[in-house]
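> Got a structure for you, questions after.
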Amino acid sequence: GLQLRSTDGGAHWACIPREQDVILGRIASAGEDAIGAGEFGTLERLPRGIPPGRRGELRGVPPDLYLFDVWSDADGVIGVAVGLGGAVVRSEDGGATWSRVAVPFERDLFGVGGSGARVVVSGEGGLIALSEDAGRTFRRIDSPIATVTLTDVEFADKEQVHVVGSRGIVLRSDDGGATFRVARGGGGS
């Protein structure tokens, strides 16, 4: 649950105490704020990115859910978080409430990223799934790598998406996440 803050571009850091000791997995921009995700269903909205955050309410998921990553749209209104056992939760109110999204897979998910209405999630066994409705529904995408865990998703713009994973794997999509190819690692070019 360690949180550090810098006010001078990273030259110096100060520890920010937390009320609850939890492992935090990721912090992501959410408009002018940020959202942090972690164990025990932690999804906190941090005003202007500064702790302490306001914890979101989970609906339809166990309270001990472990979340690894979170993404928010540019306005900070829509959010998607991913975690163990194929858990995908979504918020439409800036992170005040989060509800489970039914998905056609149960593998652990470690990465989520998006641009506009497109959201991509990634996870164990090379799992990649795409939503074209801002995280309401997902469909599996054929992955060129089925033997490694894919840990993060980043959109460079609305069309170019990168997914990274273990063993130095980098996958690239030039069509907003509809198809991926190996950009580096795993014997690809």
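> If I filter segment 29-51 down to residues being among the hydrophobic types (A, V, I, L, M, F, W, C) and part of a loop (DSSP other than H, G, I, E, B), which single residue comes out as surrounded by the most Cβ atoms within 10 Å (Cβ to Cβ)?
Going through the qualifying residues, I end up with 40.
> Of the residues that make up segment 52-59, is at least one open to solvent by 60 Å² or more (accessible area, probe 1.4 Å), in a strand (DSSP E or B) and over 13 Å from residue 99 (Cα atoms)?
yes
> When residue 181 is evaluated against the numbered criteria (1) more than 20 Å from residue 75 (Cα to Cα); (2) within 17 Å of the chain's Cα centre (by Cα); (3) of a type in the set (Lys, Arg), which criterion, by number, is the only one it fails?
(2)
> Could I ask something else about it? Being over 19 Å from residue 40 (Cα atoms), open to solvent by less than 40 Å² (accessible area, probe 1.4 Å) and out of contact with any Gly (no Cβ under 6 Å at 6 or more places or on another chain) is the requirement here; does residue 78 meet it?
Judged against the criteria, residue 78 is a match.
> All but one of (1) open to solvent by 10 Å² or more (accessible area, probe 1.4 Å); (2) modelled with pLDDT of 90 or more; (3) not acidic (Asp, Glu) hold for residue 67; which doesn't?
Condition not satisfied by residue 67: (1).
> Continuing with the same structure: Quick one: in segment 170-189, of everything that is under 13 Å from residue 120 (Cβ atoms) and of a type in the set (S, T, N, Q), which residue is least open to solvent (accessible area, probe 1.4 Å)?
Checked segment 170-189; the qualifying residue least open to solvent (accessible area, probe 1.4 Å) is 173.
> Just checking, does segment 14-27 include any residue being closer than 24 Å to residue 133 by Cα and either open to solvent by 30 Å² or more (accessible area, probe 1.4 Å) or at pLDDT 85 or above (or both)?
Yes; the residues of segment 14-27 include at least one that is closer than 24 Å to residue 133 by Cα and either open to solvent by 30 Å² or more (accessible area, probe 1.4 Å) or at pLDDT 85 or above (or both).
> Which residue pairs have Cβ atoms under 7 Å apart, sit 6 or more places apart or on different chains, and have a first residue in segment 75-99 that is free of Cβ contacts under 8 Å to residues at least 12 places away in the same chain and a second that is surrounded by 21 or more Cβ atoms within 10 Å (Cβ to Cβ) and outside any helix (DSSP H, G or I)?
none
> Now a separate question. Residue by residue through segment 145-179, note down the ones that are under 15 Å from residue 112 (Cα atoms) and either in contact with a Cys (Cβ under 9 Å, 6 or more places away or on another chain) or assigned to a loop (DSSP other than H, G, I, E, B) (or both).
149, 156, 157, 158, 160, 176, 177, 178
> Spot the failing condition for residue 12; the list is (1) assigned to a loop (DSSP other than H, G, I, E, B); (2) over 15 Å from the mean Cα position of the chain (by Cα); (3) touching a residue at least 24 places away in the same chain (Cβ under 8 Å), and only one is missed.
Every listed condition holds for residue 12 apart from (3).
> What's the total number of residues in segment 130-169 that are aliphatic (A, V, I, L, M), exposed (fewer than 15 other Cβ atoms within 10 Å of the Cβ) and touching a strand residue (DSSP E or B) at 6+ places or on another chain (Cβ under 9 Å)? It would help to see each step written out before you state the result.
Step one: of segment 130-169, the residues aliphatic (A, V, I, L, M) are 130, 134, 141, 145-146, 148, 150, 153, 156, 161, 163-164, 169.
Next cut, exposed (fewer than 15 other Cβ atoms within 10 Å of the Cβ) only: 146, 156.
If we keep only those that are touching a strand residue (DSSP E or B) at 6+ places or on another chain (Cβ under 9 Å) too, we end up with 156.
So the answer is 1.
> When you scan segment 59-75, how many residues do you find that are under 16 Å from the mean Cα position of the chain (by Cα) and either aromatic (Phe, Trp, Tyr) or farther than 18 Å from residue 131 by Cβ (or both)?
The total comes to 4.
> Among the aliphatic types (A, V, I, L, M), more than 30 Å from residue 55 (Cα to Cα) and at pLDDT below 95: is that true of residue 170 in this structure?
No, not satisfied.
The values are calculated or read from the model by the stated rules, or taken from the named source; none is laboratory data. Note that the structure is a prediction, hence the values are computed from the model and not measured. All Cβ positions, glycine included, derive from the backbone under ideal geometry; neighbour counts span all protein chains shown. SASA here: full protein model, heavy atoms, side chains in, ligands and nucleic acids out. Shrake-Rupley method; radii C 1.70, N 1.55, O 1.52, S 1.80 Å.
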